[in-house]
Amino acid sequence: MLTHYDGTYPGFLTVIFARYRTLETIEIEPLTPQMDFLVAHDRVVTDPAKAARVATYLRDHFGADFLRRCYAALLSVEARHETVTARTIKKCIRHGKGVLASADRDAVAFDRIVRAVYSEAHSWKGLLRFREVQDGYWYAPFAPKHDVIELLTAHFARRLNGEHFVIHDCPRGCAALHADGRTEYFSATALSVVETAAESAYQDAWRLFYKTVAIPERANPKLRQSNMPKRYWAHLIERL
């Protein structure tokens, strides 16, 4: 049986509350416009109060870190990540947190999913490139595999709290705007940005430096791709 929800974290926690007895037998997926109505399914409507009860229980019994890991798992694009996360939660409730360190199939899959999300977020913390644009803003486009924009925005909001910036997940058409200590998220398939003269000069200088220090005889494309997969290259200044 397919169980659908609205794709939000509170919606997922509502599923845990409403379908707890059958979590081992259902598959959980977000609602999509392409749903096949010929396939049997049910829908769980998000209930903030029920979601809050589940979040409080998980935090009190398994710690805030486990709750954050469950949230991170939902940012994944891996198949069945909601189902795996839900089943892992139920197993922790029934058998204790020790199941996370066991060879249980769902627990192992859950750990792999969370690690992949955290790993990509960590990589983008070092590879995201901000450009100085109009109105005193810094603009950073990127194309992540997983939906890590909130993890990155929280990181840079702490690191660059006094700055105004926009982080733009181009493939998903969403962006985060941080200004005056506040962050807002909005849909944006494309943004009209104008780089400042200083930004253009710095980009030219960086490309010249990159080209100057390169040693053509020691070029190793395979090693470079191994250390930095091509999916990170699209918005690197030296690659433009």
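The values are calculated or read from the model by the stated rules, or taken from the named source; none is laboratory data. What you see is a predicted model; the values in this text were computed from it and never measured. All Cβ positions, even for glycine, are placed from backbone atoms using ideal geometry, and neighbour counts span all protein chains on display.
If the requirement is being at pLDDT 95 or above and touching a Cys at 6+ places or on another chain (Cβ under 6 Å), which of these qualifies: Val54, Val99?
After ruling out the rest, the residue left standing is Val99.
In the set (1) within 30 Å of Ala79 (Cα to Cα); (2) surrounded by 14 or more Cβ atoms within 10 Å (Cβ to Cβ); (3) more than 20 Å from the chain's Cα centre (by Cα); (4) not charged (D, E, K, R), Tyr137 fails one condition alone, (1). Entry remark, region 122-155: residues being over 21 Å from Lys230 (Cα atoms) and among the polar types (S, T, N, Q) number 2 in total.
Across region 191-240, the number of residues qualifying as loosely packed, with under 11 Cβ neighbours inside 10 Å, more than 23 Å from Glu132 (Cα to Cα) and within 31 Å of the chain's Cα centre (by Cα) comes to 7.
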